[in-house]
1. Within the stretch 316-351, track down each residue that is of a type in the set (Asp, Glu) and either closer than 30 Å to Ser127 by Cβ or part of a helix (DSSP H, G or I) (or both).
2. Name the pairs: first residue in the stretch 244-260 and more than 22 Å from Glu318 (Cα to Cα), second residue open to solvent by 80 Å² or more (accessible area, probe 1.4 Å) and acidic (Asp, Glu), Cβ to Cβ under 7 Å, at least 6 apart or on different chains?
3. Can you tell me which residue within the stretch 235-260, out of those that are assigned to a loop (DSSP other than H, G, I, E, B) and more than 22 Å from the chain's Cα centre (by Cα), is surrounded by the fewest Cβ atoms within 10 Å (Cβ to Cβ)?
4. Could you list all residues from the stretch 325-383 that are open to solvent by less than 70 Å² (accessible area, probe 1.4 Å) and charged (D, E, K, R)?
5. Need a quick list: strands (runs of 3 or more DSSP E) entirely within the stretch 43-151 having at least 1 residues that are farther than 30 Å from Leu19 by Cβ, among the small types (Gly, Ala, Ser) and in contact (Cβ under 8 Å) with a residue 40 or more places away in the chain.
6. Is it the case that some residue within the stretch 294-315 is in contact with a His (Cβ under 9 Å, 6 or more places away or on another chain), crowded, with 17+ Cβ neighbours inside 10 Å, outside any strand (DSSP E or B) and touching a residue at least 40 places away in the same chain (Cβ under 8 Å)?
7. Based on what the data block shows, is Glu230 out of contact with any Gly (no Cβ under 9 Å at 6 or more places or on another chain) and surrounded by fewer than 17 Cβ atoms within 10 Å (Cβ to Cβ)?
8. Considering the stretch 1-37 alone, what residues qualify as being without any contact (Cβ under 8 Å) to a residue 24 or more places away in the chain, polar (S, T, N, Q) and either in contact with a helix residue (DSSP H, G or I) (Cβ under 7 Å, 6 or more places away or on another chain) or open to solvent by 100 Å² or more (accessible area, probe 1.4 Å) (or both)?
Amino acid sequence: MIKIIVSTILALILMISGLVIYYWRDVQYDPTGADMLQFFIILPICAALLLLSPWLIYKSLKAYQAGKTQKLAAAENEEKRLQQNNESEKNQDKPVEELILKVYSAAAIHSFGENQEIIEAMQAFKSPELDETLLNQYGLPILSYRIKNLDDWLPEPEEDEVLHSMRVQRIEALIQQQLQQHSESLHQIAAHLRKSALFYDAETAYEYRMHPGWINEQIKEENETEHPIEQVARLNKLNLHILLPATLIHLWPDEGQQELIEQLEQQYEIVQSQIHVEFHYVEHSNAYPLWMSLLNDIQHQNEQVSLVITAHSDIDQEWLEEQFWQSERYLPGEYAASLCLSSAQLIMENLIEIRHFTTLKHVKNITEYLQKKHSCFADQLQQEASFVLLLDDPLQISTVKNMRQYLDPVGIEMHHGLYCHAYLGSAEELKALFGIFMCIHMNEDVITFGYSGQHPQLFFIYAPAHRLEELEPDAA
């Protein structure tokens with residue numbers, strides 16, 4: 001292409017130069033240096049570019065199309081290669097990954113009731129109720145999953161107090177309600193923390209011994225006498241993890257963390273150095289990775305115990321008015337659930353494990369796996385009672401298809417499953433996590449688990465604590 005351009009320019013230079021020279025000779029014109037540059041160089045080059053412009057445009061478009069075709073072909077080849085790699089990885093048998101934790105207490109609340117009452121209402125296909133306080137964009141009452149008792153739990157505002165949004169107030173009340181449900185476990189954890197500090201940690205023990213009234217001024221004098229030091233399993237910290245919807249990340253009060261630390265300190269007589277409070281803001285897209293990361297951290301904390309609370313509320317007129325711009329059928333709801341967890345290696349004093357929580361990854365046949373670990377699971381399959389909490393939206397066309405694709409071959413029928421997605425309102429962030437927490441309340445005497453067709457080889461299993469002995473010999 002360069003040869004053609006150069007040849008054209010040289011040919012035009014010769015032709016134009018000849019014509020100009022003959023013309024100047026006939027008119028007896030005395031050209032200047034600028035005239036010679038203009039007519040012998042610039043004019044031939046411009047004429048060449050003008051003459052070659054259609055051809056150059058054609059060549060450019062052809063090169064662009066060829067490059068685009070090449071890129072598309074490369075992208076298709078790369079996609080095929082990735083698909084082949086994914087298929088080969090799927091065909092490879094990955095070892096089953098187990099994440100094992102102890103559960104000491106659990107609680108849940110919903111407009112349907114608490115704990116097992118929620119499961120019973122879901123099985124009865126209970127509907128949302130008309131909310132006389134919340135209005136839609138037309139000024140008419142709407143349906144909602146409002147926890148009516150929560151209206152009475154909201155604290156009365158003090159004079160000159162800056163009030164947070166109604167969503168924040170209701171979620172704070174839900175967190176307090178869940179903390180109250182674990183009060184017995186927290187009292188036992190606090191006692192274990194003190195005994196552990198007196199035996200293992202001189203600095204923390206000094207904080208406990210220095211002045212009992214520093215923690216609680218109402219401690220009676222007879223409790224101020226020192227108790228003999230007892231050896232217990234080492235316990236260094238109480239972790240409180242609060243899982244909140246990501247839409248609250250800029251609305252949640254900054255002082256909330258310190259207030260919870262001070263509350264636990266005063267109510268359960270735990271020094272602040274042994275309390276850790278952390279808020280996690282959950283989006284629908286990161287719910288599973290965040291939850292798995294949190295469980296993995298708890299598994300490796302052999303000297304710490306964790307209380308995990310998830311709480312959500314849409315019962316706020318201002319918030320709903322924003323949502324109605326996106327969906328006229330927005331259904332508000334509120335709920336909370338919590339688990340008191342620890343590593344399987346931690347031995348708690350005076351705190352009984354109620355359930356055995358296992359997270360399994362890369363399990364192709366959950367029935368075969370559970371029958372190896374728990375021989376009674378075969379009998380459980382013959383019963384009609386539900387023991388699988390399905391975490392996906394049943395209104396999605398692909399949901400039932402995916403469920404049948406993965407569960408039918410392993411002997412789990414659809415009547416063994418219970419969908420919870422439709423009973424939690426329109427907000428998506430915490431639905432899956434609430435379902436995982438709710439599995440523990442399905443049936444105390446059988447193995448229950450949460451499952452999502454979007455993660456076909458991932459299971460969240462709760463087994464009765466008395467079956468832990470069955471698991472350990474098999475695992476060994």
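1. Matches in the stretch 316-351: Asp316, Glu318, Glu321, Glu322, Glu328, Glu334.
2. Every condition considered, no pair remains.
3. Of the residues in the stretch 235-260, the ones assigned to a loop (DSSP other than H, G, I, E, B) are 235-236, 249-255.
After this cut, where a residue has to be more than 22 Å from the chain's Cα centre (by Cα) as well, the list is 235-236, 255.
Details: Leu235: 25, Asn236: 17, Glu255: 9.
So the residue we want is Glu255.
4. Within the stretch 325-383, Glu334, Glu349, Glu353, Arg355, Lys373 meet the criteria.
5. Numbers: elements: 97-110, 129-135, 141-144.
Answer list for the stretch 43-151: 97-110, 141-144.
6. Yes, some residue in the stretch 294-315 is in contact with a His (Cβ under 9 Å, 6 or more places away or on another chain), crowded, with 17+ Cβ neighbours inside 10 Å, outside any strand (DSSP E or B) and touching a residue at least 40 places away in the same chain (Cβ under 8 Å).
7. Numbers: out of contact with any Gly (no Cβ under 9 Å at 6 or more places or on another chain): yes; surrounded by fewer than 17 Cβ atoms within 10 Å (Cβ to Cβ): yes.
Yes.
8. Result: Gln28, single match.
The values are calculated or read from the model by the stated rules, or taken from the named source; none is laboratory data. Since the model is a prediction, treat every value here as computed from it, not as a measurement. Cβ: placed from backbone, ideal geometry, glycine included. Neighbour counts: every protein chain shown. Protein only, heavy atoms only, side chains kept; ligands, DNA and RNA dropped before computing areas. Shrake-Rupley method; radii C 1.70, N 1.55, O 1.52, S 1.80 Å.
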